[in-house]
Amino acid sequence: MPSWPTETKYISHSTLRIDAVPKLTGQARYSSDIQAQGWLYGMILRSKWPAAKITSINLEKARAIPGIKAALTVQDGERTVRYYGEELAAVAGTTKQACLDALRAIEVEAKPLPHVVHETEAMKDDSPKVWEGSPNASNPKPSDKGDVDKAFAECAAVIEGFYTTPVQLHHPMETHGSTVSWTDDGVTAWVSTQGVFGSRDALAGGLKLEQSKVRVLSEFMGGGFGAKFPPVLESVLAARLSREVKAPVRLMLTRFDEALAVGNRPSSFQKIKLGASADGTLQAFEFDNYGTGGLGSGGTTAGGGSGVNLPQPYIYRVPNTRVKQTVVAINAGGARAFRAPAHPPASYGMECAMDDLAVKLGMDPVELRLKNDPSEIRQREYKIGIERFGWKEKYKKPGSSPGVVKVGVGCGGSAWSGGGGARTTQGEAQINPDGSIEVRLGVQDLGTGTKTVIAVVAAEILGLKPEQITVKIGDTRYPPGPGSGGSMTCPSVAPTVFDVCTKTLEQLQTQAGIADARGENWFSACKKLGVNPLVVHGQWQPGLSDSRACGVQFAEVEVDTETGMVTVKKITCIQDGGLIVNKNTFESQVNGGIIMGMGYALYEERIMDDLSGVVLNPNFETYKVSGIGDIPEIDITLLNMPERGVIGIGEPVTIPTASAIANAVANAIGVRVSSLPITPAKVLAALGKVPPSTVSKT
Ligand code: MOS
């Protein structure tokens, strides 16, 4: 079994991103920067009906617009659309304005159908059906473990709460899209994607081409958060347009498109009953939840794949549980995997219930967690967190903070069973006689620092500096890499690069007749290669990575009881990620996760209009995410556990932030705001300062 070196120069230390300069200077080429010879703009026409039978689409007038080179329908014949934003047609033209004019000139005949865009409405018997002849809501039986009713009857304290979370939109800074060129040789597509190979296969399938005829590239991308896996409909349309116009087509979604059609995190409406014995040992849990993942999630198509069904009672050991989860279809864009699917809402519901129970028991909330959390790692993390955060000094009875601006603290834990590593990951290194080296993997970098991780591992094994390693990624012509999801990238890539470089070094040493070719011997060894470079292939090896990351977070907030504004002052995070490959990019993931979790706690919420079925807040003026002025002090403690191997942490670090903040708000004001996002209006309503009816409900 291979093992990581114990004495290290780069692994577990901090290396700045090797691609920081090209990114900051604008040299990095994203999908929308590709200057393919003679490229045209592509644009998509979307349904303006939340539900309708489309009877005809006439493209003639669009085709007549000056500058328009092609127009096509997504699908021929009559069809039903089920949300505002569903793709109908696409055009390609020489200017953006020509495309916009063409979209307006397309004549669509449709028979509107009744629609429903809110979960609670959709669950009613007389609600319009998203899928004809099928109920909007799945109607599952509760699943019981133990004797729940008896256990509740014997509990010393029982709380009941109704905790809700909104539909959250991914909104990566770079929208979905691609530049696609279709020639006689095949299709070349620069796609903003979390999986170049998955996108290649989806494109080949969608275009009915051999996979060998499709090449997907993605060297740089501006985030995805789970929304940028196939289907790649927008790239398929760009390819079809490209074939017609015999030129490359750049088709990037607008921010509005992004809000309508390419994924979201499902909502949750969690009725929770939780009971414990007098010493705080959890005894019984009852859970009745419903939520929507948009059109594809209800009735007979029900499934929790995109995160409607929540893993409750989350990280806690409860002997008696009853769980019922209802998946509701509405006329809205479908959910997609979103950073730790199902976990942030599960954490929010459960951690709120834990704090409400702690208050009822008169117990310290951290003590209640230590009593019921079976994870040894989180136990350790809580103990470190208590000290670093100063929990014992900061925790006061709920609502006891004096004055108008009240201070509160809260906490929460996370578990993520992903990671582990994709065993199919391969890579190669090319060593040239002049000592230069290129490491190639068909992985992509969401923006998390994958290239840097590759350089760090290669430099460590070869005794070189990270900047000596040329890293090539994001191309289906390189050895196959994993999709960047499930916090799998680092534990897939790091062991692969370890294997590639270990084998490269062995072969170089053999060929050069040098016992140790690392460090100062590197150049003389490479020189002995003669004329030909050395290319060595390697693959993922077991024993170098692990799954199951654990973390805890503490939050300190100020709540202005006159304006209802919540200000997060500090987040303390204690996180396990196994062997830390690169401290800098690890911490950067933690920062990003916390900042996104803050958005979930305080700002983010998709708002649907009943009448038109449109997303009312599709841009950053109206869909609020955390801004630079909102960012609190973030104190990160990483547990380095090299014995566990590499574990991905992109997802786990965003899970408990909203829970800790929500609990801190409840601690500050002494009442629970039981609905995310915690807006000023909801705070004031909870304080009885405005009537609850003035507060919008998701
Ligand atoms: Mo992720 S939500 O597996 O990109």
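The values are calculated or read from the model by the stated rules, or taken from the named source; none is laboratory data. Nothing here was measured: the structure is a model prediction, and the numbers come from that model. Every residue, glycine among them, receives a Cβ derived from its backbone with ideal geometry; neighbour counts consider all protein chains shown.
V158 meets the conditions (1) farther than 30 Å from L241 by Cβ; (2) free of Cβ contacts under 8 Å to residues at least 12 places away in the same chain in every case but one. The failed one is (2). One residue stands out among those in region 465-508 that are among the aliphatic types (A, V, I, L, M) and more than 24 Å from P22 (Cα to Cα): the one that is farthest from the chain's Cα centre (by Cα), which is L508. Could you tell me whether region 609-617 includes any residue that is in the same structural domain as I574 (by TED's automatic domain parsing), surrounded by 14 or more Cβ atoms within 10 Å (Cβ to Cβ), farther than 19 Å from L260 by Cβ and among the polar types (S, T, N, Q)? Among the residues of region 609-617, not one is in the same structural domain as I574 (by TED's automatic domain parsing), surrounded by 14 or more Cβ atoms within 10 Å (Cβ to Cβ), farther than 19 Å from L260 by Cβ and among the polar types (S, T, N, Q), which makes the answer no. Within region 229-250, the presence of at least one residue that is in contact with a Gly (Cβ under 6 Å, 6 or more places away or on another chain) and at pLDDT below 95 is confirmed. Considering region 27-61, the residues that are within 18 Å of R82 (Cβ to Cβ) and hydroxyl-bearing (S, T, Y) include one that is surrounded by the most Cβ atoms within 10 Å (Cβ to Cβ), namely S47. Among the residues of region 669-693, those that are at pLDDT 95 or above and of a type in the set (S, T, Y) comprise S674, S675, T679.
Among the residues of region 477-498, is there at least one that is among the basic types (K, R), within 22 Å of Y30 (Cβ to Cβ) and away from the ligand (no atom under 16 Å from the Cβ)? Full working, then the answer.
From region 477-498, those among the basic types (K, R) are 477; that's our starting set.
Those left that are additionally within 22 Å of Y30 (Cβ to Cβ): 477.
Restricting the remaining residues to those that are away from the ligand (no atom under 16 Å from the Cβ) gives 477.
Scanning region 477-498 turns up at least one residue that is among the basic types (K, R), within 22 Å of Y30 (Cβ to Cβ) and away from the ligand (no atom under 16 Å from the Cβ).
Pairs are defined by a Cβ separation below 9 Å, a sequence spacing of at least 6 or placement on different chains, a first member in region 648-667 that is closer than 15 Å to D576 by Cα and of a type in the set (D, E), and a second member that is in a loop (DSSP other than H, G, I, E, B) and within 16 Å of the ligand (Cβ to nearest atom); the pairs so defined are E651/G226; E651/R339; E651/A340; E651/P341; E651/G485; E651/G486; E651/S487.
Of the residues making up region 210-240, those that are within 14 Å of the ligand (Cβ to nearest atom) and of a type in the set (A, V, I, L, M, F, W, C) are M221, F225, A227, F229.
For (1) touching a Pro at 6+ places or on another chain (Cβ under 7 Å); (2) modelled with pLDDT of 95 or more; (3) within 16 Å of the ligand (Cβ to nearest atom); (4) not hydrophobic (A, V, I, L, M, F, W, C), each residue gets a yes or a no:
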| residue | (1), (2), (3), (4) |
| --- | --- |
| M354 | yes, yes, no, no |
| E367 | no, yes, no, yes |
| I377 | no, yes, no, no |
| R388 | no, yes, no, yes |
| P398 | no, yes, no, yes |
| P402 | no, yes, no, yes |
| A429 | no, yes, no, no |
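Only residues that are charged (D, E, K, R) and within 14 Å of D184 (Cα to Cα) were counted in region 213-258, giving 6. Listed by first and then second residue, the pairs linking a residue in region 457-483 that is of a type in the set (D, E, K, R) to a residue that is assigned to a loop (DSSP other than H, G, I, E, B), with Cβ atoms under 7 Å apart and 6 or more places separating them unless they lie on different chains, are E460/P5; E460/T8; E460/K9; E460/Y10; E460/I11; E467/I18; K472/Y478.
Within region 444-455, being within 16 Å of the ligand (Cβ to nearest atom), touching a residue at least 60 places away in the same chain (Cβ under 8 Å) and not small (G, A, S) holds for Q444, D445, L446, T448.
Test V191 against the stated conditions and say whether it is modelled with pLDDT under 95, surrounded by 20 or more Cβ atoms within 10 Å (Cβ to Cβ) and either assigned by TED's automatic domain parsing to the domain that holds Q426 or within 16 Å of the ligand (Cβ to nearest atom) (or both).
So V191 fails the test.
Determine which member of the set I571, I594, I655, I636 is within 16 Å of the ligand (Cβ to nearest atom), modelled with pLDDT of 95 or more, farther than 30 Å from V81 by Cα and not assigned by TED's automatic domain parsing to the domain that holds G85. One residue alone meets the criteria, I655.
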